[in-house]
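Down below is the structure, laid out as structure tokens.
Laboratory data are not the source of any read-out in this text; all were calculated from the coordinates shown. Please read these numbers as outputs of a predicted model, since none were measured by experiment. Ideal geometry is used to build each Cβ from the backbone, glycine not excepted, and the neighbour counts take in all protein chains shown.
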Amino acid sequence: MKKLLLLLPLVAGGSWAGASYYTGAQTQQAYDQLLTQLNELMPVSLVNEQYNAGVAKSTAITLVKDSAAPDADVLFRLHHVIQHSPVGLNEGAVRVGAAHIKTTLQIDDPFSDDVQAILQGFGGLEPIQLNTVVNFDHSMVNQLIVNRFEHQRDDTGFRFDGMDYTLTVEGNRFSGSGGTGEVVVSSEDGFLKLTPGTISSDLTRVSSGIFTGDYSVSFDKLTLSGPQIPVSFALKSMQVSGTSSIQDARMDSSGRLAIGSIDSPLPLNSAAMDISTFAIPFEGLERYMQVIGELSAGDSQALENPEVLDDLMSAMQGLAGPGTGLSVDLSFSNEGGNGTLDSTVKLVEASSPYYPADGVGSLATLRDVLNALQFEFNLNADAQAVDMTPLAMFANMPEAQQFILADGVSYTSAVSVRDLLVDINGNPLSLEIMLGEALDMPLESAMAMMP
């Protein structure tokens, strides 16, 4: 059932079948082409089981399988009703869409008793429905509706007030907006409530499975309370967002999780985490997406095949190029002030004599790694903000004071590693002296010695 719920968004793809054609035969050609494109999004596989062509209306059934193997399990089926008459009337007005597709989950399949019980939680309504209008210019408007769901198991109740999301596709541009309904989980031990959320996206497809642009998902409030909940709290103004761009054949992407307000006994008023990857070679990313797309979730033995594993490792190494890096930034605030903790690791630029021209897989010793990578760690926090939290105990330990400077006003730290030097708050230390012969040990042996 988890696969069923996670893969429901694939319904959106299935609804595009035959979007650009008017007759049943032509629609089937587009439908078959669509399935070919969707199967690039492995590990699931979409296979046409049945297609009935008509002059003004066609129907189709699509199998969603857990892999492309001949004996793969069928997860569920999708049912499509495709209206492809070129002109029609809608409440007295001319319908300008070239095609209208209604896609639903085929619920008369012999699902297990557990799945049937869950489907009953939709109260006789279609669990999901996607309404797609394909215009004469081949742009598409897709409205995905998830109906209200309520389920009780033992003493725990779950309610989800559904989702309504509209995605407009114009060429390679995907822009969408919509919202989710309230979510409530309740039992004798506790109560969780998530208020309705909003979804927005503005993306451009640049290659198979690769997009640039922005997206965000926001919720006003999450509350958790109850007799068995140690700490009741409310999180307000929550947002998950991201953006990505390509410049000079390298991709930069960032994601952010932010909580604007925290109401709890903990000394925390707000918090955020930003994760960024930068300078990912676009060619390597395309190769990685291709390899991942060829793997099947239904084939548990795939990664035990040395050739498959080597291909995957090679593709992963292709994600690293000149200046490629990862950064993780944390921030918080409380009544005492603010604090930030930033960390970055990156590969040197191609102009460096230590850049591995033959790829990161050619790094053979610890010396190679420490020459090719650069690390930075920065802490900047108001002293009163830290002193209100358990972090104060750590910051004032003798071992930590080697790295963290405290002057009563703030806690700061600046640590970097590059060119075999560790710089701690302006004091450089040689890794040649600190590590000695270990620097030239094979990387596997050096890693084995680590605790």
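All other residues whose Cβ lies under 15 angstrom from that of Ser276 are scored, Lys and Arg at +1 and Asp and Glu at -1, for a net of -3.
For region 113-184, what percent of Cα pairs sit more than 20 Å apart? Considering region 113-184, 43 percent of its Cα-Cα pairs are separated by more than 20 Å.
Starting from the eigenvalues of the Cα gyration tensor, five times each then square-rooted, give me the equivalent ellipsoid semi-axes of region 332-449, largest first, whole Å. Don't skip to the answer; put the middle values down first.
Working: eigenvalues 231, 49, 30 Å².
Over the Cα atoms of region 332-449, the ellipsoid semi-axes are 34, 16, 12 Å.
Decide, for region 95-227, between rounded, prolate and oblate: order the square roots of the alpha carbon gyration tensor eigenvalues as a ≥ b ≥ c, take rounded if a/c falls under 1.5, and otherwise choose prolate if a/b is larger than b/c, else oblate. Please list the in-between numbers first.
On the way: a/c = 2.74, a/b = 1.54, b/c = 1.78.
Because a/c hits 1.5 or more and a/b fails to exceed b/c, region 95-227 counts as oblate.
Considering all alpha-carbon pairs of region 160-205, what whole percent are spaced by more than 13 angstrom? Please report the intermediate quantities before stating the final value.
On the way: 656 of 1035 pairs.
I get 63 percent for the Cα pairs in region 160-205 exceeding 13 Å.
Here, region 172-287 has an Rg and a Dmax of 18.3, 57 Å when only alpha carbons are counted.
How large is the direction-averaged shadow of the alpha-carbon convex hull of region 269-382, in nm²?
Working: hull surface 41.0 nm².
Convex hull of Cα atoms, orientation-averaged projection: 10.3 nm².
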